[in-house]
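Data first, discussion second: the structure below is written as structure tokens.
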Amino acid sequence: MDLVEFNASPVDRLRPELASCCDVPRWIEGILDKRPYADHAALTAVADQLAREFDDSEVDRALQAHPRIGDRPQGAGTEAEWSRKEQSGVGDDPAVRSALAEGNRAYEDRFGRVFLICATGLSATQMLSSLQDRLTHDDVTEAAVVHEELRKIALLRLNKLVTG
């Protein structure tokens, strides 16, 4: 949808669309409350600022909607479609898929949450390298990285939802 349609659409129509971008109710309501937006840059600025303010529980909530890197997202919804495209760099190499599955298990054992990375434009090797590097982080450092990755994904998806 374009910005004019976004500004004019009923909030009940937009809430699920925004939740596909990032399932954090405060983020969604904050974006909706600031309508109408004069331009796409204003929308992005509000969404970016709100995402920078996520607390740990909001990040945890949003992570529940994200599949593991290397898993093939199921379903026909917007979020599943975006995840498939975002993870297209994973490819079909069984060795890479196996290494990602092993890395995901190690990450979840270490940090207690799904490994999140803004995968758009990354190769499987880059994702795997990042996963292995991030396994060396302490909890505070990794929490900050996850927060940043979630922010980047939310903004990318918002830009797919609302076009210039």
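Values computed for the structure shown
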read-out	value
Number of the condition not met by Tyr37 [criteria: (1) part of a loop (DSSP other than H, G, I, E, B); (2) open to solvent by 60 Å² or more (accessible area, probe 1.4 Å)]	(2)
Matching residues, the stretch 12-29, being closer than 16 Å to Ala62 by Cα and in contact with a helix residue (DSSP H, G or I) (Cβ under 7 Å, 6 or more places away or on another chain)	Arg15, Glu17, Leu18, Ala19, Ser20, Cys21, Cys22, Asp23, Val24, Arg26, Trp27, Ile28
Some residue of the stretch 82-90 being surrounded by 13 or more Cβ atoms within 10 Å (Cβ to Cβ), outside any loop (DSSP other than H, G, I, E, B), at pLDDT 90 or above and among the aromatic types (Phe, Trp, Tyr)	no
First in the stretch 101-128 and in contact (Cβ under 8 Å) with a residue 24 or more places away in the chain and β-branched (Val, Ile, Thr), second anywhere and surrounded by fewer than 20 Cβ atoms within 10 Å (Cβ to Cβ) and part of a loop (DSSP other than H, G, I, E, B), Cβ under 8 Å, 6 or more apart	Val114/Pro67; Val114/Arg68
Residue list for the stretch 62-81, restricted to those being part of a helix (DSSP H, G or I), at pLDDT 65 or above and under 12 Å from Ile153 (Cβ atoms)	Ala62, Leu63
Which listed residue, of Val114, Val59, is within 19 Å of Ser20 (Cβ to Cβ), β-branched (Val, Ile, Thr) and either modelled with pLDDT of 95 or more or open to solvent by 30 Å² or more (accessible area, probe 1.4 Å) (or both)	Val59
Subset of the stretch 110-130 (residues that are farther than 18 Å from Val59 by Cα and in a helix (DSSP H, G or I))	Ala124, Thr125, Gln126, Met127, Leu128, Ser129, Ser130
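The values are calculated or read from the model by the stated rules, or taken from the named source; none is laboratory data. As the structure is a computational prediction, the values presented were derived from the model and not from experiment. A quick note on method: Cβ atoms are made from the backbone with ideal geometry, for glycine too, and the neighbour counts reach across all protein chains shown. Accessible surface areas use protein heavy atoms only, side chains included; no ligands, DNA or RNA. Shrake-Rupley method; radii C 1.70, N 1.55, O 1.52, S 1.80 Å.
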